[in-house]
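Participant: Please find one structure pasted underneath; my questions will follow.
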Amino acid sequence: MKKVWIYIIMTLIVFSKVYSLSLEEAKEFGLTNSPIIKSAEEALNQAKWDYYQSSFELLPSANLNTSYAKYDPTVQMNVKNNKSYGLQASQVIFAGGKIWLNRDIKKNMYEIAQVNYKQKRIEIIAEIENKFFTSLERQQQLHIAENEYNNAMTNEQIAQIRYNNGSIAEADLLRMKAQTVQKKVNHIQAKTNALSSIIDLQNTLGISEDISPQDLDREIFIYNMFDVIRWEMSQINSFIDKISKLSLVNNTNIKIFDLNVKNAQNQLTMAKGSFLPTINLSFSKNYSKTNLDNDYSDSSTLMLNASIPLLPTGNNISSYLKNKAMVRKIEADFIVNENSINLNSRTVALAWISAIQTAQSAELSLEYAEKSWQQMSQRYQSGVISSSDMLDAEIMLSNARSQFISSRYNILRNKSNLKKLLNIESDEEFSSLIKD
């Protein structure tokens, strides 16, 4: 059903000039078309069947054989042919634990493939969300740049009139002209950035048709603030500690490292098993007859074989010491990785909190800057203030707008990074984590 839905959306995109794409649709496209996901899925299938194969090695092996021999007639023999068939079966009784340990290693590799597959899904989702939000941000920055360019041309026209009637100097007029040119350059750069972000998003989603990311409702930004702005320092520290602990439990890199440690320990145990004997049990039942016999004659053999390794002892010792060093290395790497994740989780959590707190301040700053600009614009049109004062108000408003837009999308981008760190795929799971 999901593939049918994706096909319908793709058809709409092809036959429409520009398709308005929602965030959820973008994630569906990315997960469906991503070669990284497909590669991880095939690696998962490979690891699964490799594990099943290692499990089958615990079972006995059996072969059914038959043969027919025809003898050379030039040889003076009464026997002209020989027919035989039989059954052979064998079972490994003990092999130093290698078969069981190999099965455990393959099982761990299968679990690593499962964890890696989920990790790739979450990484792709986080990448799509970040690029989707960046694309929306640059679209809004383009809109701001366009308005500022139009305002700059209006201010230049006013400056030209005031210059013509002698109320301002030529330097003030030139300052306004320079401002118009600068805003035009900013507008061109904003167009380029917006187009680049769309192309980047298209490449990530695996589509070439024109798309336009659907804008987000203002309520989404408010909802994702989670009332963090009112947190006391004790609540912030408690939340960061909580994220740090959860990252060590849920992080996929930690899980993969833990399974690699287990595999290294199993390989070390296998190396020890190289010094132990191997015991096999085999049974064979054969039937044969020649042209001189009326019936098949049968023979049975039951055999218990045992072998003790003697040489090359040096290879076995080297294998043991190599695997012992590998266990120590992976255990040390595990601690380094654990410390890195712990530090990163605290940094990302703090960045998310900071983005929320910055967003409220940026909103207030924009509100004051807009009011100030409106008053300054009216006074400039009336000839009360100079072009320098008007330009200062323009710069203050431009910075406030840019900071406000970036701060809002930084909230969503940092949330995506937190979800990836905690191995969380859905927004609902993240929301329940914050509200607990």
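No lab work stands behind these numbers, since they all come straight from the coordinates. Nothing here was measured: the structure is a model prediction, and the numbers come from that model. Cβ atoms come from the backbone with ideal geometry, glycine included; neighbour counts cover every protein chain shown.
Participant: Which of (1) more than 21 Å from ILE405 (Cβ to Cβ); (2) in contact (Cβ under 8 Å) with a residue 60 or more places away in the chain; (3) among the small types (Gly, Ala, Ser) is the odd one out, the single condition ALA152 does not satisfy?
Facilitator: For ALA152, the exception is condition (1).
Participant: Between a first residue in the range 196-209 that is in a loop (DSSP other than H, G, I, E, B) and a second residue that is small (Gly, Ala, Ser), which pairs have beta carbons less than 8 Å apart while being 6 or more apart in sequence or on different chains?
Facilitator: GLY206/GLY30; GLY206/SER34
Participant: Please work out if ILE128 is touching a residue at least 12 places away in the same chain (Cβ under 8 Å) and farther than 30 Å from GLN403 by Cα.
Facilitator: no
Participant: Identify all residues within the range 166-185 that are in contact with a helix residue (DSSP H, G or I) (Cβ under 8 Å, 6 or more places away or on another chain), part of a helix (DSSP H, G or I) and either of a type in the set (A, V, I, L, M, F, W, C) or at positive phi (or both); write none if there are none.
Facilitator: Of everything in the range 166-185, those that are in contact with a helix residue (DSSP H, G or I) (Cβ under 8 Å, 6 or more places away or on another chain), part of a helix (DSSP H, G or I) and either of a type in the set (A, V, I, L, M, F, W, C) or at positive phi (or both) turn out to be LEU173, MET176.
Participant: Residues ALA159, ALA145, ALA113: which one is buried (at least 20 other Cβ atoms within 10 Å of the Cβ), in a helix (DSSP H, G or I) and in contact with a Ser or Thr (Cβ under 7 Å, 6 or more places away or on another chain)?
Facilitator: When all the criteria are applied, what remains is ALA159.
Participant: Within the range 280-336, how many residues are within 30 Å of TYR71 (Cα to Cα), among the charged types (D, E, K, R) and either in contact with a helix residue (DSSP H, G or I) (Cβ under 8 Å, 6 or more places away or on another chain) or surrounded by 10 or more Cβ atoms within 10 Å (Cβ to Cβ) (or both)?
Facilitator: 4
Participant: While we're on this one: Contact list please: Cβ distance under 6 Å, first residue in the range 365-393 and surrounded by 13 or more Cβ atoms within 10 Å (Cβ to Cβ), second residue of a type in the set (D, E, K, R) and part of a helix (DSSP H, G or I), pairs at least six apart or on different chains.
Facilitator: What qualifies is ILE385/ARG379; SER387/ASP172; SER387/ARG175.
Participant: For the structure I just gave you, tell me whether ILE158 is farther than 23 Å from LEU397 by Cα, out of contact with any His (no Cβ under 8 Å at 6 or more places or on another chain) and hydrophobic (A, V, I, L, M, F, W, C).
Facilitator: Considered against the rule, which asks whether it is farther than 23 Å from LEU397 by Cα, out of contact with any His (no Cβ under 8 Å at 6 or more places or on another chain) and hydrophobic (A, V, I, L, M, F, W, C), ILE158 comes out as no.
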